[in-house]
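In what follows, a structure is listed as C-alpha coordinates, so that the remarks can point back to it.
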Amino acid sequence: MTDKRQLIKICGITRQQDADVCLAAGVDMTGFIFHESSPRNIQPGAAAAIETGTALRVGVFVRQEQQQVLEIMRRAKLDLAQLCGDQDRAFCRAVGAARVIRVFWPERYKMRAALEDELSDYEQSMSYVLLDAGLSGGGHGRTQDFGLLTGLDSPVPWLLAGGLGVDNLARAMGQCTPSGFDLNSGLESAPGVKDAELVRRAVALIRNAGNEQ
(Lines give C-alpha, C1' and ligand atoms only; values in the text may rest on other atoms or scores of the structure.)
Protein backbone atom coordinates (compact mmCIF):
# COMPACT_ATOMS: atom_id res chain seq x y z
CA MET A 1 0.00 0.00 0.00
CA THR A 2 1.30 3.47 -0.85
CA ASP A 3 0.97 6.34 1.58
CA LYS A 4 1.41 9.25 -0.82
CA ARG A 5 0.67 10.38 -4.34
CA GLN A 6 2.58 8.33 -6.88
CA LEU A 7 4.77 10.01 -9.45
CA ILE A 8 3.90 9.69 -13.12
CA LYS A 9 6.57 10.21 -15.77
CA ILE A 10 5.79 10.06 -19.47
CA CYS A 11 8.89 9.67 -21.56
CA GLY A 12 9.77 10.04 -25.23
CA ILE A 13 8.18 13.47 -25.68
CA THR A 14 8.90 14.91 -29.14
CA ARG A 15 5.95 17.27 -29.75
CA GLN A 16 4.37 20.20 -27.95
CA GLN A 17 0.88 18.79 -28.39
CA ASP A 18 1.89 15.63 -26.56
CA ALA A 19 3.43 17.63 -23.73
CA ASP A 20 0.19 19.61 -23.49
CA VAL A 21 -1.83 16.40 -23.16
CA CYS A 22 0.52 15.14 -20.44
CA LEU A 23 0.30 18.39 -18.50
CA ALA A 24 -3.49 18.51 -18.75
CA ALA A 25 -3.64 14.93 -17.44
CA GLY A 26 -1.48 15.89 -14.46
CA VAL A 27 1.84 14.10 -15.00
CA ASP A 28 4.76 14.93 -12.71
CA MET A 29 7.65 14.39 -15.11
CA THR A 30 8.16 14.66 -18.86
CA GLY A 31 11.03 12.79 -20.47
CA PHE A 32 13.19 13.65 -23.48
CA ILE A 33 15.47 11.05 -25.05
CA PHE A 34 18.94 12.04 -26.19
CA HIS A 35 20.06 8.85 -27.92
CA GLU A 36 20.58 8.90 -31.67
CA SER A 37 19.45 5.33 -32.33
CA SER A 38 16.10 5.89 -30.60
CA PRO A 39 13.06 6.69 -32.79
CA ARG A 40 12.19 9.20 -30.05
CA ASN A 41 15.53 11.00 -30.16
CA ILE A 42 15.30 14.77 -29.86
CA GLN A 43 17.84 17.55 -30.15
CA PRO A 44 18.49 19.78 -27.11
CA GLY A 45 17.18 22.90 -28.81
CA ALA A 46 13.98 21.19 -29.86
CA ALA A 47 13.47 19.89 -26.33
CA ALA A 48 14.06 23.35 -24.87
CA ALA A 49 11.33 24.75 -27.12
CA ILE A 50 8.72 22.35 -25.72
CA GLU A 51 6.93 23.93 -22.77
CA THR A 52 6.21 21.60 -19.87
CA GLY A 53 4.76 23.88 -17.20
CA THR A 54 5.46 22.74 -13.66
CA ALA A 55 6.33 19.15 -14.62
CA LEU A 56 9.93 18.18 -14.01
CA ARG A 57 11.97 17.83 -17.20
CA VAL A 58 14.02 14.64 -17.48
CA GLY A 59 16.71 13.85 -20.04
CA VAL A 60 17.48 10.24 -20.90
CA PHE A 61 21.18 9.59 -21.52
CA VAL A 62 22.96 6.42 -22.61
CA ARG A 63 26.43 7.02 -24.05
CA GLN A 64 27.25 10.66 -23.38
CA GLU A 65 30.25 11.72 -21.31
CA GLN A 66 29.73 13.69 -18.11
CA GLN A 67 30.30 17.10 -19.69
CA GLN A 68 27.99 16.26 -22.56
CA VAL A 69 25.23 15.35 -20.12
CA LEU A 70 25.70 18.61 -18.23
CA GLU A 71 25.75 20.66 -21.43
CA ILE A 72 22.59 19.03 -22.80
CA MET A 73 20.88 19.52 -19.45
CA ARG A 74 21.68 23.22 -19.64
CA ARG A 75 20.64 23.62 -23.26
CA ALA A 76 17.43 21.59 -22.96
CA LYS A 77 16.46 23.19 -19.62
CA LEU A 78 16.39 19.86 -17.78
CA ASP A 79 15.82 19.24 -14.09
CA LEU A 80 16.94 15.60 -13.95
CA ALA A 81 19.21 13.21 -15.83
CA GLN A 82 18.04 9.62 -16.29
CA LEU A 83 21.24 7.62 -16.66
CA CYS A 84 20.72 4.29 -18.39
CA GLY A 85 24.12 3.32 -19.70
CA ASP A 86 25.81 1.70 -16.71
CA GLN A 87 27.20 5.01 -15.45
CA ASP A 88 29.11 4.48 -12.21
CA ARG A 89 28.70 6.32 -8.93
CA ALA A 90 31.42 8.86 -9.73
CA PHE A 91 29.61 9.73 -12.97
CA CYS A 92 26.34 10.19 -11.08
CA ARG A 93 27.96 12.44 -8.51
CA ALA A 94 29.61 14.51 -11.24
CA VAL A 95 26.18 15.17 -12.73
CA GLY A 96 24.82 15.81 -9.24
CA ALA A 97 23.21 13.14 -7.10
CA ALA A 98 20.19 15.37 -6.47
CA ARG A 99 19.57 15.44 -10.22
CA VAL A 100 20.06 11.75 -11.07
CA ILE A 101 17.56 9.02 -11.88
CA ARG A 102 19.69 5.88 -12.18
CA VAL A 103 18.34 2.97 -14.22
CA PHE A 104 18.76 -0.65 -13.18
CA TRP A 105 17.49 -3.83 -14.84
CA PRO A 106 16.25 -6.44 -12.33
CA GLU A 107 16.62 -9.25 -14.87
CA ARG A 108 20.41 -8.88 -14.64
CA TYR A 109 20.40 -10.17 -11.06
CA LYS A 110 20.03 -13.81 -10.11
CA MET A 111 18.75 -12.85 -6.67
CA ARG A 112 16.86 -9.77 -5.57
CA ALA A 113 19.26 -9.30 -2.66
CA ALA A 114 22.00 -8.54 -5.20
CA LEU A 115 19.85 -5.84 -6.79
CA GLU A 116 19.03 -4.34 -3.40
CA ASP A 117 22.72 -4.36 -2.45
CA GLU A 118 23.62 -2.41 -5.59
CA LEU A 119 20.81 0.07 -5.00
CA SER A 120 22.21 0.60 -1.52
CA ASP A 121 25.68 1.19 -2.97
CA TYR A 122 24.26 3.99 -5.14
CA GLU A 123 22.18 5.61 -2.38
CA GLN A 124 24.39 8.69 -2.11
CA SER A 125 24.72 9.00 -5.89
CA MET A 126 21.09 9.34 -7.00
CA SER A 127 17.70 10.71 -6.00
CA TYR A 128 15.53 8.17 -7.83
CA VAL A 129 15.82 4.61 -9.10
CA LEU A 130 14.13 3.45 -12.30
CA LEU A 131 13.69 -0.30 -12.73
CA ASP A 132 13.25 -1.27 -16.37
CA ALA A 133 12.56 -4.48 -18.26
CA GLY A 134 15.18 -6.36 -20.22
CA LEU A 135 18.93 -6.30 -19.72
CA SER A 136 19.72 -2.84 -21.09
CA GLY A 137 18.19 0.15 -22.83
CA GLY A 138 14.51 0.99 -22.75
CA GLY A 139 11.58 2.06 -24.86
CA HIS A 140 11.36 -1.43 -26.35
CA GLY A 141 7.90 -2.19 -24.98
CA ARG A 142 8.97 -5.25 -23.01
CA THR A 143 7.42 -5.89 -19.61
CA GLN A 144 8.92 -7.51 -16.55
CA ASP A 145 7.70 -9.80 -13.80
CA PHE A 146 6.11 -7.27 -11.47
CA GLY A 147 5.74 -9.86 -8.73
CA LEU A 148 9.52 -10.13 -8.36
CA LEU A 149 9.53 -6.53 -7.13
CA THR A 150 6.96 -7.03 -4.38
CA GLY A 151 8.31 -5.52 -1.17
CA LEU A 152 11.46 -4.20 -2.83
CA ASP A 153 13.79 -2.45 -0.40
CA SER A 154 15.06 0.68 -2.16
CA PRO A 155 16.98 3.46 -0.36
CA VAL A 156 15.40 6.14 -2.58
CA PRO A 157 12.02 6.42 -4.38
CA TRP A 158 11.78 4.01 -7.29
CA LEU A 159 9.88 4.13 -10.56
CA LEU A 160 8.60 1.12 -12.46
CA ALA A 161 9.11 1.01 -16.24
CA GLY A 162 8.83 -1.46 -19.09
CA GLY A 163 5.93 -1.66 -21.51
CA LEU A 164 3.40 -0.15 -19.13
CA GLY A 165 -0.01 0.87 -20.44
CA VAL A 166 -3.71 0.74 -19.77
CA ASP A 167 -3.79 -3.04 -20.27
CA ASN A 168 -1.30 -3.93 -17.53
CA LEU A 169 -1.09 -1.02 -15.08
CA ALA A 170 -3.69 -2.51 -12.76
CA ARG A 171 -1.77 -5.79 -12.64
CA ALA A 172 1.47 -3.96 -11.95
CA MET A 173 -0.09 -1.95 -9.13
CA GLY A 174 -1.54 -5.11 -7.65
CA GLN A 175 1.83 -6.85 -7.45
CA CYS A 176 4.30 -4.14 -6.44
CA THR A 177 4.26 -0.69 -4.88
CA PRO A 178 6.69 1.66 -6.62
CA SER A 179 6.89 5.37 -5.85
CA GLY A 180 5.80 6.00 -9.41
CA PHE A 181 5.54 4.84 -12.99
CA ASP A 182 7.46 5.65 -16.16
CA LEU A 183 5.34 5.23 -19.31
CA ASN A 184 6.39 5.54 -22.92
CA SER A 185 5.75 3.12 -25.78
CA GLY A 186 2.53 1.77 -24.26
CA LEU A 187 0.90 5.17 -24.72
CA GLU A 188 1.83 5.74 -28.37
CA SER A 189 0.14 5.50 -31.74
CA ALA A 190 3.62 5.59 -33.34
CA PRO A 191 7.15 6.00 -31.91
CA GLY A 192 7.36 9.48 -30.44
CA VAL A 193 3.66 10.18 -31.03
CA LYS A 194 1.52 9.91 -27.89
CA ASP A 195 -2.11 8.79 -28.02
CA ALA A 196 -4.00 11.41 -26.02
CA GLU A 197 -6.75 9.03 -24.93
CA LEU A 198 -4.26 6.42 -23.72
CA VAL A 199 -2.37 9.09 -21.77
CA ARG A 200 -5.54 10.25 -20.04
CA ARG A 201 -6.68 6.70 -19.27
CA ALA A 202 -3.29 5.64 -17.88
CA VAL A 203 -3.00 8.66 -15.61
CA ALA A 204 -6.56 8.14 -14.38
CA LEU A 205 -5.86 4.49 -13.61
CA ILE A 206 -2.87 5.40 -11.43
CA ARG A 207 -4.55 8.30 -9.69
CA ASN A 208 -7.76 6.40 -9.00
CA ALA A 209 -5.87 3.43 -7.62
CA GLY A 210 -4.02 5.76 -5.26
CA ASN A 211 -7.30 7.31 -4.09
CA GLU A 212 -8.70 3.88 -3.25
CA GLN A 213 -5.80 2.94 -1.00
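The values are calculated or read from the model by the stated rules, or taken from the named source; none is laboratory data. These numbers were taken from a predicted model, which means no experiment stands behind them. In this analysis, Cβ positions are derived from the backbone assuming ideal geometry, glycine residues included, and neighbour counts consider all displayed protein chains.
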Go through region 176-213 and give me each residue that's over 11 Å from C22 (Cα atoms) and in a loop (DSSP other than H, G, I, E, B).
-> C176, T177, P178, S179, N184, P191, G192, Q213
Does L78 satisfy being in contact with a Leu (Cβ under 8 Å, 6 or more places away or on another chain) and touching a residue at least 24 places away in the same chain (Cβ under 8 Å)?
-> no
Failed item in (1) at pLDDT 95 or above; (2) farther than 25 Å from R40 by Cα, with F181 passing the rest = (2)
Out of all the residues in region 43-62, which are among the β-branched types (V, I, T) and either at pLDDT below 95 or over 15 Å from G192 (Cα atoms) (or both)?
-> T52, T54, V58, V62
Could you list, in sequence order, all residues of region 178-203 that are in contact (Cβ under 8 Å) with a residue 40 or more places away in the chain and surrounded by fewer than 18 Cβ atoms within 10 Å (Cβ to Cβ)?
-> S179, P191, V193, A196, R200
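Inside region 70-85, can you point out the residues that are outside any loop (DSSP other than H, G, I, E, B) and farther than 19 Å from D28 by Cα?
L70, E71, I72, R74, R75 - these are the residues of region 70-85 that are outside any loop (DSSP other than H, G, I, E, B) and farther than 19 Å from D28 by Cα.
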Going by the structure shown, is R40 farther than 18 Å from G163 by Cα, of a type in the set (D, E, K, R) and at pLDDT 95 or above?
-> no
